[in-house]
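*Asks:* I have a structure I would like to understand better, so I am pasting it below and will then ask my questions one at a time.
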Amino acid sequence: MKALKVDHIGIAVSNLDEAVKVYTEVLGLELAGTEVVEEQKVRVAFLPVGDTEVELLESTSPDGPIAKFIEKNGEGIQHIAFKVENIEEAIQAMKDKGLKMIDESPRYGAGGAKIAFMHPKSTGRVLIELSERNE
C-alpha cells in the first residue's frame with residue numbers, strides 16, 4: 001500500500017457558515033459545495049486547494065464525533081486523509097503491519113469516498129483517514 005497524495009485535511013468547526021467565510025473571504029478559496037453525512041453526524045464544506053482539499057466539519061448532533069472532538073480539544077485539525085488506490089488492500093496492509101484500525105472495513109465518507117480511519121494510538125496520536133475516491 002502506498003499513499004498517493006494528501007486527499008484532504010479535516011478541520012472541526014463549531015459554526016460551518018462562519019468558518020467558510022474565513023476560508024473564502026480571507027484566504028480566497030472557493031467553496032466547492034457542502035454535504036451532510038448522516039451516519040457520521042456531520043455537515044461538511046469542501047474547499048479545494050491545488051490537488052487537495054480542506055474539509056470543514058460541523059457536527060449535526062451533540063453526541064457526534066466532531067462535537068466530542070471539539071468538546072475535548074477545541075476547534076482545529078481533526079484528521080488528515082491520504083488517498084489510496086484500493087481501500088480494502090490498504091486496511092489489510094495496515095493490519096498486517098500491526099496498526100490498529102478504527103474501521104476494519106470501509107464506510108461511506110463525504111464526497112462519495114470509501115474511507116477507513118486508523119487509530120491514533122497506532123499513529124503518534126494523529127487521526128489518519130485512508131480514502132479511496134473514483135475521480
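*Asks:* What is the residue count in the range 1-48 for residues that are out of contact with any helix residue (DSSP H, G or I) (no Cβ under 8 Å at 6 or more places or on another chain), crowded, with 18+ Cβ neighbours inside 10 Å and charged (D, E, K, R)?
*Replies:* 1
*Asks:* Among the residues of the range 15-44, which ones are of a type outside the set (V, I, T), at pLDDT 95 or above and out of contact with any strand residue (DSSP E or B) (no Cβ under 8 Å at 6 or more places or on another chain)?
*Replies:* Passing the criteria: D17, E18, K21, E25, L27, G28.
*Asks:* Here's something else I'd like to know. Of all residues in the range 80-90, which are in contact with a strand residue (DSSP E or B) (Cβ under 9 Å, 6 or more places away or on another chain) and not in a strand (DSSP E or B)?
*Replies:* V84, E85, N86, I87, E88, A90
The values are calculated or read from the model by the stated rules, or taken from the named source; none is laboratory data. Just so it is clear, the model here is predicted, and its values are computed rather than measured. All Cβ positions, even for glycine, are placed from backbone atoms using ideal geometry, and neighbour counts span all protein chains on display.
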